[in-house]
Amino acid sequence: MLVANRGEIAVRVIRACRELGIQSVAIYSDLDRNALHTRLADEAYALGGSTASESYLDIPKILAIIEKSGADAVHPGYGFFSENAEFAEQITEKGVTFIGPSSDAIRVMGDKISARLAAEKVGVSGVPGTTDFIENSSEVNEFAKEHGYPIAIKAAYGGGGRGMKVVHSEEEIEGAIDSAQREAVAYFGRGELYMERYLTKPRHIEVQVLADSHGNTLHLGTRDCSAQRRHQKLIEEAPASGIEPDVLVSMGEAAVAVAEGCDYVNAGTVEFLYENGAFYYLEMNTRLQVEHPVTEMVTGVDLIAEQIKIAGGENLEFNQDDIQLNGHAIECRINAEDPSHNFRPSPGKITGWLPPGGPGVRVDSHVYTGYEIPPFYDSLIGKLIVWGKDRNTAIKRMNRALNECAVTGIPTTINFHLTCLLYTSDAADEGLGVDLGGRRI
C-alpha cells in the first residue's frame, strides 16, 4: 500500500500496515529524504522538489511511483489529495484500491452547496444559509435583512477556515467577498462563494462515522473541536461534554443519515455547530481527521485498520450497539508556531525532542532530535493524546504530559495548551474552547 502523504499521518498509516502484515510504500520530497516515514516504510520513492506542488501534489509523479512499486492500494491520509475526487478517480481507473470513499461521494461532499442539499434531503438542517453561489453584494445585503448580522461568506470548495470571512455590517460586504474569493482561488483553485448566518459562540462538534460496502453504517460518538485559531483546530476531546444525552443521540443519528444519504463507504466525519441546545449541520469531511486518535482512545477501534478492511470489501465486525464509550480523551496539537506572535509558523531545527510517557499517554509524531521542520508544509510537530477515566482525570493527565513534553530549538504551542488548561477548571463542562483576552480561542 502506497501512503500518499508525509509527516505523522504517514507514520501512523505505515504502522497500521505493519500490524496488518501489509507492505508499505512511502513517497518523499527532497526535504523529506530523511523523514521518519521514509525510514519506517518497506520501500520509499523520491518525488523530487521541495514545495507541496512540486512533490506531494503532483499526480503524474505519484501515479508513476504506484506503477513502479506495484502498489495495489493507496491511503491518502489527510490533507493533500485526501478529498480530491480526481485523484481518487485516477487511482481506481488504474485498478488500484483507494482507501477512502468513492469519487462521487467526495464530489458531493466537497462542494459545500451540494453537501447542504444532500443533508437537507435526509432531514438534517444546517445553519440558515444559501444553496446558490453569491453573484453580487446585494444578495448578501438581502440575506442580512432577513437573518441579520454577522454573516459568514465561505468558499464553496474550501475548508479549514480558508476562504471564509465574517461580515458585521453592509460596509464590509464588498471587501469580504473580494478577500474570500482571492483566498479560495489561491488555496483551492476555485472562487465560488456562499453564505450562512454566523453563530457567535457555537461549539464545534463532530461525529465519526464508519460505513462498509454491505450497507452497514454506524457512528463512534462525538468529538468537541471548539478550541481553534483562525478556524483551525488546536485541541480536541471525546466525547463532547455538557450536552444533553438526547441531543448527542440525535447528532449520531443525523450523522449516519447524512452518510447513508450519499451512499458513503469508509471512514468520514460529519460536523455540526451546537449552540443553546440546538445543533446544525456544517459539513462532511470525506477522510480521516487529524483528531481521530481521541475517538480511538474512547472506543478501542483502530480507525485506519477499519478503513483498510472496508476498502478490501470486508464487513464491519461490530454494530452500533457494540460501540461503548469508555472514559474521556483529549488531544493537543503540538505545532511549530509562536502563539505570542499570533501563531506565526516557526520552521527550523529541533535541537531536542523528549516526548512524554506514562499511563494513558499517546504521542503521534514524526519528529526526532535534529529533525528540520520544513517551511513549505503543515506546522504540526505531533499530537499529544491522553485518556482518563473521566474528563477531570484526562485534563490533569494532559497537564502532566504537557509539562513533561520537551521541544527545544523552535517555539511551539505547548505553553498555549497549558494556559488553556488553567482556564478550564475542574467544574468546567463545556469544552476546552475558552475566552482569552476577550476573544474565543
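I need the full set of residues from segment 85-102 which are closer than 13 Å to T286 by Cα and surrounded by fewer than 21 Cβ atoms within 10 Å (Cβ to Cβ), in order please.
A85, S102
Out of the residues in segment 30-51 meeting the condition of being in contact (Cβ under 8 Å) with a residue 60 or more places away in the chain and buried (at least 18 other Cβ atoms within 10 Å of the Cβ), tell me which one is nearest to A88 (Cα to Cα).
Only one residue tops the list, namely H37.
Give segment 247-283 a look and list any residue that's out of contact with any helix residue (DSSP H, G or I) (no Cβ under 6 Å at 6 or more places or on another chain), more than 22 Å from V294 (Cα to Cα) and open to solvent by 40 Å² or more (accessible area, probe 1.4 Å), or say none.
E260, D263, N276, Y280
So A184 clears everything in (1) farther than 26 Å from A52 by Cβ; (2) free of Cβ contacts under 8 Å to residues at least 60 places away in the same chain; (3) among the small types (G, A, S) except one condition, right? Which one?
(1)
Of T130, T97, which residue is modelled with pLDDT under 90 and either small (G, A, S) or out of contact with any Pro (no Cβ under 8 Å at 6 or more places or on another chain) (or both)?
So the residue among T130, T97 that is modelled with pLDDT under 90 and either small (G, A, S) or out of contact with any Pro (no Cβ under 8 Å at 6 or more places or on another chain) (or both) is T130.
Among the residues of segment 367-382, count how many are at pLDDT below 95 and of a type in the set (G, A, S).
Residues flagged as at pLDDT below 95 and of a type in the set (G, A, S) within segment 367-382 amount to 1.
Is there a residue being within 15 Å of T130 (Cα to Cα), at pLDDT below 95 and of a type in the set (F, W, Y) anywhere in segment 177-187?
No, segment 177-187 contains no residue that is within 15 Å of T130 (Cα to Cα), at pLDDT below 95 and of a type in the set (F, W, Y).
Under 6 Å between Cβ atoms, at least 6 apart or on separate chains: pull out the pairs that start in segment 281-310 with a residue that is in contact (Cβ under 8 Å) with a residue 60 or more places away in the chain and end on any residue that is polar (S, T, N, Q).
What qualifies is N285/T269; R287/S82; Q289/T269; T295/Q208; V298/N326; Q307/N266; I310/N266.
Does G300 meet the test of being within 19 Å of C17 (Cα to Cα) and either open to solvent by 40 Å² or more (accessible area, probe 1.4 Å) or at pLDDT 95 or above (or both)?
yes
Here is a check on your reading of the model: is D364 part of a strand (DSSP E or B), at pLDDT 95 or above and open to solvent by 10 Å² or more (accessible area, probe 1.4 Å)?
yes
Considering only segment 379-414, state which residues are in contact (Cβ under 8 Å) with a residue 60 or more places away in the chain, under 21 Å from E8 (Cα atoms) and open to solvent by 30 Å² or more (accessible area, probe 1.4 Å).
Result: W387, G409, P411.
Which pairs have Cβ atoms under 7 Å, sit 6 or more apart or on different chains, and link a residue in segment 114-132 that is without any contact (Cβ under 8 Å) to a residue 40 or more places away in the chain to one that is β-branched (V, I, T) and assigned to a loop (DSSP other than H, G, I, E, B)?
Partner pairs satisfying both residue conditions: L117/T131.
The values are calculated or read from the model by the stated rules, or taken from the named source; none is laboratory data. For clarity, every value in this text was computed on a predicted model and none was experimentally measured. FYI the Cβ positions are ideal-geometry reconstructions off the backbone, even for glycines, and counts take in every protein chain you see. These accessible areas exclude ligands, DNA and RNA; they are computed on the full protein's heavy atoms, side chains included. Shrake-Rupley method; radii C 1.70, N 1.55, O 1.52, S 1.80 Å.
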